[in-house]
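Below: one structure, written as structure tokens.
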Amino acid sequence: MAEIWDVYTIDRKLTGKKCIRGEQGNLAEDEFHLWVMVWIKNPRTGKYLVSQRAADKDTDPLKWETVAGHSVSGDTSVDAAVREAYEEVGIRLDPKDATILATKVATSYDGQRHNWIRDSFYFETTDEPDLDKAPTEEVIQTKWLTFAEIREMYERGDCCMNMGDLYGFELNPVPADRYGDIIGQTVKGVIDRPMGTYHPRHPNLYYPVNYGYVTGVTGGDGKEQDIYLLGVTEPVNEFTGKVIAVYHRYDDNETKWVVLPCDENGNISSDIEIPDNDEIYGRIAFQEQFFSGILVR
């Protein structure tokens with residue numbers, strides 16, 4: 001039976017439409033499907049579970065990967081993560097133990113349209129995989145490896161390409177208090193790439209939001225700290241705003257601050273709706289689709 005997926009907007013609102021696996025190329029530009037990656041760590045050994053794809057897989061046969069798969073109709077991404085872990089490697093995970101490592105919204109890059117939203121989850125367990133329990137035959141063998149060993153496999157070309165999105169970081173969640181001294185700050189700065197303009201060196205990169213930097217604050221690249229200014233519907237040249245979130249990039253030395261306009265005392269107007277995480281991911285996807293990261297609030 002064909003696998004049926006729900007279709008979402010860029011900010012993860014259900015459209016009511018369905019998509020049959022294999023026909024996602026027919027999705028419109030503003031329609032997306034959801035899939036997951038699942039990183040499973042044994043806390044006693046510090047090693048991560050990887051599995052080798054079956055020889056009859058349509059894509060990447062015999063390549064190594066983490067547990068991964070699509071969310072079928074009715075699934076949340078956590079549902080999909082737990083189900084895929086059991087179907088592929090025979091491990092039953094508890095959804096209450098799930099931690100989001102990264103979320104990525106892909107629109108189009110490398111000349112291709114992607115139309116997907118991916119959540120990468122982190123679980124810890126001491127349970128061993130059991131392929132005899134797995135109800136599918138998608139996997140032919142498994143290994144527990146250190147992050148360094150996974151990196152070596154990837155460099156040899158033994159892994160699926162999607163593992164490269166998480167290649168630049170140790171597979172551990174960002175602490176919730178990592179940016180506690182930043183979130184809530186009132187900051188001022190300049191918008192050097194206003195809404196409706198294009199990147200000066202990359203003419204295909206269009207800015208649907210105001211993008212700029214905080215005056216007097218240095219970011220990870222040694223330049224001014226970059227920000228996304230949301231809550232504004234027209235181009236502006238400067239801002240006073242409150243930091244409501246930080247987008248932590250794993251595969252880059254920069255973070256991006258998410259800012260809403262406020263007054264000098266840090267008060268956000270009641271006319272401005274505070275965006276939820278999914279809306280923020282959708283608004284910054286035009287640029288963050290090129291990176292792997294997580295929103296910290």
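The calculated P(r) of the stretch 108-189, using every Cα pair and 5 Å bins from 0, goes 3, 8, 13, 16, 18, 16, 12, 7, 4, 2, 2, 0 in percent. Name the shape class, rounded, prolate or oblate, that the alpha-carbon gyration tensor gives for the stretch 81-126, where a ≥ b ≥ c are the square roots of its eigenvalues, rounded holds for a/c under 1.5, and otherwise prolate holds if a/b is larger than b/c and oblate otherwise. In terms of gyration-tensor shape, prolate.
Candidates Y8, V36, G25 compared by Cα position along the dipole of the stretch 1-52: farthest toward the positive end lies V36, with charges placed on Cβ. About its Cα centre, the dipole of the chain is roughly 260 debye, where the only charges are +1 on Lys and Arg Cβ and -1 on Asp and Glu Cβ.
Taking every alpha-carbon pair within the chain, the share separated by more than 37 Å comes to 19 percent. Per-residue extension of 0.36 nm, minus the Cα-Cα distance of A55 and K13, leaves a gain of 11.5 nm for this segment.
Ranked by the mean number of other Cβ atoms within 10 Å per residue, highest first, peptides 108-117, 200-209, 30-39 order as 30-39, 108-117, 200-209. Here is the tail figure for the stretch 4-166: Cα pairs spaced more than 19 Å apart come to 56 percent of all pairs. Dividing the helix sum by the residues of the chain, where each DSSP H run of 4 or more adds -39500 (n - 2.57), gives a mean residue ellipticity at 222 nm of -3500 deg cm²/dmol.
Considering only L131, I117, T142, whose Cα is most displaced toward the positive end of the charge dipole of the stretch 4-166, charges sitting on Cβ of Lys, Arg (+1) and Asp, Glu (-1)? Going by the Cα projections, it comes out as I117.
From most to least packed by mean Cβ count within 10 Å, the peptides 227-234, 84-91 give 84-91, 227-234.
Judged by the ratio a/c of the largest to the smallest principal axis of the C-alpha gyration tensor, the stretch 186-296 counts as rounded, that ratio being less than 1.5.
Each label was represented as a point 7 Å from its Cα along the Cα-to-Cβ direction; for A176 and E149 these points are 3.3 nm apart.
Bridges between two residues of the stretch 4-166, per DSSP, are antiparallel at a rate of about 75%.
No value in this document is a laboratory result; all are computed from the given coordinates. These numbers come from a predicted model, not from an experiment. All Cβ positions, glycine included, derive from the backbone under ideal geometry; neighbour counts span all protein chains shown.
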